[in-house]
Each structure stands twice: as structure tokens, then as C-alpha cells.
Amino acid sequence: MEKKAERKAERKVETRNEMQRILTSLDERWVGAASRELCGKLNTLVETKIGQGVDHILAWTKFFPGEADLSSFIVSQLGQREVYFPRSMPDRSMNFISVGKDWHLDVETGLYGIPEPKDSAGDAYDMANAHKTLVIVPGIAFDKLGNRLGRGKGYYDRFLGASEMLGCIKIGVCWTLQIIDKVPISSRDIAMDWICHEDGFFSTSEN
């Protein structure tokens, strides 16, 4: 059993390293164009499939090489729904702060150098609203069952694994090249309800 867990951990590291290498090599011009396509698909998914009853969106901003830029999606949602960005805590927990149209001005450098909203930027997200919440989740790799491989710190798995967040809808956002046959997972890993990429989206419950 211990050796099986070790092999799974090794596969996670190997998959993560290979996908980070691929993402780092992507042409930023392609990333920009593909990001606009992805945001369009994300808007369609939200408005036609799952948007009714969603009042809160937990999103994020581009930071890592090759990562999607969700700016146009965020702009389209501001005014319709409350949008929040994450703050990473030293204990590897996250909280989310609401942002407005000038969110680029209300950020500061957080842990790992990632820009995060200042506490004064807006209101703190209340987990009591989970049943009316859509969480846009980044990842290194996903599979068609919705399994996700993150960057190894466990922030999203801990946040989404909280009992208070069970009612939220989870959308994994990635490029088609990040969808692999099988993501190595552990019991703590949280699966997505939907996957959205630059070419479309699908419900993981249908696979």
C-alpha cells in the first residue's frame, strides 16, 4: 500500500513537471488569443447551463507562464454577480475578497509573489453562500472525469473540501492540451463538475 502511494506521488510529480514545461513554452500571443476564446466559452457555459441562481463567482488572475487570462470573463460578470479573488494564508488556507472594475489597482503581492486583492478591496466571501457560488478552478492537468492536478500546495483542495463548500459548482479551466487520459489522485483531491477550455466545455458527470 505504501509503495502504491509512493508511485502515485511520483506520477503526480512527473505529470506536473512535464505539464509545467509545456505551459512555460507556450507563445504568449497564442495564450492571449486562446484566453479570449476560453472566456467566451466560459461565459456561454455560465449563462446557458449553470448561471441561474449563481450570485457569487470565485475566480483568479493570471500569474504563471502559460496560464489563461480570465480578464474578459471577469469584466463581463462584474455588475451581474459578485466576483472574488483569492488570498493565500500561511497555514495554506484561502479566503476570497470581492473586487470591482478597478481590481488591478486594489492588489498587493501575496505569498509566492502572486498578486492578491487587498483586504480593503472589498467584502470577504461568506461560505454560507456556497449554494449560490461558482468556483473557477485553475490546474496543471485535468481528465474527463473532472479529476484535477494542482501545483502541489493543496490550497484549492482544502478550500473546496470544507463541508461548508459542498453546495458550490466547480469549473476547472485549462487548455485542451492539459486534458490527459488519467490524473493520478488521492483521497483528498476534489473533482470538478465541469471542464472549460478554449474549444468548449463538458460536464464531468457525462463521462
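Details
- Packing here is the average count of other Cβ atoms within 10 Å per residue, and on that basis the peptides 192-202, 107-117, highest first, run 192-202, 107-117.
- Placing unit charges on the Cβ atoms of the charged side chains and taking the dipole of the chain about its Cα centre, the candidate lying farthest along the positive direction among 115, 26, 61 is 26.
- Using a Gaussian network model of the chain in which every pair of alpha carbons under 10 angstrom is joined by a spring, one finds that among 55, 143, 91 the greatest mean-square fluctuation is at 91.
- Using 0.36 nm per residue and subtracting the Cα-Cα separation, the extra length available between residue 102 and residue 151 on full extension is 14.8 nm.
- Our note on the geometry: Cα centres of segment 48-71 and segment 147-184, 13 Å apart.
- Cross-link pairs 12/118; 132/182; 153/182; 8/41; 8/49; 8/62 - those with Cα-Cα distance over 27 Å: 12/118; 132/182; 8/41; 8/49; 8/62
No value in this document is a laboratory result; all are computed from the given coordinates. The model shown is predicted, which means the values in this text are computed figures rather than measured ones. With ideal geometry, Cβ positions are generated from the backbone for all residues, glycine too; neighbour counts draw on all protein chains shown.
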